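Here the structure comes first, spelled out in structure tokens, and everything after it is commentary.
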Amino acid sequence: MSIFHTVDCAVASICGAQNKSQLVSALGEGMAALGFQSFNLSCNKADVREFMTSPTLTSWTSEDLDAYHNEHWSARDPLLELSGQPGLRKLWTPDDWARDADTRAYAEYIDFSGIRSGVTASVGGATDTVSAITALSFSDVIVDPDVPHAVAILAQTALTRAAVLGVPSIGLPAMAQSLKELSGKQIEILKWASQGKSNRDIATIMGSSKRTIDYHMSEILRKLDVASRAQAIIIFSGQ
């Protein structure tokens, strides 16, 4: 199964969640399909430290979060500073932090915790806030360069669904906002695509050329920051 098919299936499941518990479960299943057993997703946090100490959606237990806070890792975690960078897509292992004397203690901490690799990716949120996800693998060293983007897509989809469900403090994340950036013609194209019409069918219906519809579909994927037509349709249908 390709990573893009995996993402399509996970996006569909996330968009089908009817409450926060189902949403956390669907996101966890999507992360597991990408090779991760744990995740922490935070949206619209005023400070990078809140990314780990007060997450929006997480698979961590309250005991895990308390231990992280009580051992003062928020002051020594290099991933926290990275999480505030827009457009971040970082695939990492404990070895990445072991090379620097300032982060060696953190490398030893995550290695001792059994973490073999992870992804940290920023996602859309309000201006001047921190919105990001960290996914952790305890079983494999993830090397596929497409995985960080896939993680970001699932995280952004989860935040969009959380906003629809009314999860407190989320607001309307970037993926939902980006739907507003689509032109009227592009919204219509997505509407027909969601009804199973091909680009050629849509061209006939809208009195346009297939080449024009192909162009608009590529622009739709770019604006929504997704990798496939199926993901765009699922996001449009789940708004």
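The values are calculated or read from the model by the stated rules, or taken from the named source; none is laboratory data. Predicted model only: the values in this text are computed from it and were never measured. No Cβ is skipped: glycine too gets one built from the backbone with ideal geometry, and neighbour counts run over all protein chains shown. What goes into the accessible areas is simple: the full protein's heavy atoms, side chains included, and nothing from ligands, DNA or RNA. Shrake-Rupley method; radii C 1.70, N 1.55, O 1.52, S 1.80 Å.
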Item to check | Residue satisfying all of: in the range 205-239; among the basic types (Lys, Arg) and surrounded by 14 or more Cβ atoms within 10 Å (Cβ to Cβ); nearest to Leu179 (Cα to Cα) among these | outcome: Lys223
Checklist entry - Are any of the residues in the range 23-46 at pLDDT below 90, under 14 Å from Leu154 (Cα atoms) and either touching a strand residue (DSSP E or B) at 6+ places or on another chain (Cβ under 6 Å) or basic (Lys, Arg) (or both)? => result yes
Checklist outcome for this item: Picked from the range 1-44 (must be part of a helix (DSSP H, G or I), among the hydroxyl-bearing types (Ser, Thr, Tyr) and open to solvent by 30 Å² or more (accessible area, probe 1.4 Å)), the residue nearest to Ser83 (Cα to Cα) is Ser25
Next on the checklist: Every residue in the range 73-88 that is open to solvent by 30 Å² or more (accessible area, probe 1.4 Å) and outside any helix (DSSP H, G or I), please.
Outcome noted: Arg76, Gly84, Gln85, Pro86, Gly87
Next on the checklist: Test of understanding: among Leu159, Leu190, Leu154, which residue is in contact with a Cys (Cβ under 6 Å, 6 or more places away or on another chain), at pLDDT below 95 and in a helix (DSSP H, G or I)?
Outcome noted: Leu159
Checklist outcome for this item: Contact list, first residue from the range 120-134 and farther than 11 Å from Ser42 by Cα, second anywhere and modelled with pLDDT under 80 and among the small types (Gly, Ala, Ser), beta-carbon distance below 6 Å, six or more apart or interchain, is Ala126/Gly171
Checklist entry - Identify, please: which residue in the range 39-84 is of a type in the set (Gly, Ala, Ser) and in contact (Cβ under 8 Å) with a residue 60 or more places away in the chain and is, among those, farthest from Leu23 (Cα to Cα)? => result Ala46
Checklist entry - So which residues in the range 94-112 are surrounded by 14 or more Cβ atoms within 10 Å (Cβ to Cβ) and outside any helix (DSSP H, G or I)? => result Thr103
Item to check | Matching residues in the range 85-102 - criterion: being free of Cβ contacts under 8 Å to residues at least 60 places away in the same chain and touching a strand residue (DSSP E or B) at 6+ places or on another chain (Cβ under 7 Å) | outcome: Gln85, Pro86, Gly87, Leu88, Lys90, Leu91, Trp92, Thr93
Checklist outcome for this item: Residue hits (the range 126-151; surrounded by fewer than 24 Cβ atoms within 10 Å (Cβ to Cβ) and either within 18 Å of Pro86 (Cβ to Cβ) or of a type in the set (Phe, Trp, Tyr) (or both)) are Ala126, Thr127, Asp128, Thr129, Val130, Phe138, Pro148, His149
Item to check | Condition met for Leu91 (out of contact with any Cys (no Cβ under 6 Å at 6 or more places or on another chain), part of a helix (DSSP H, G or I) and either open to solvent by less than 60 Å² (accessible area, probe 1.4 Å) or acidic (Asp, Glu) (or both)) | outcome: no
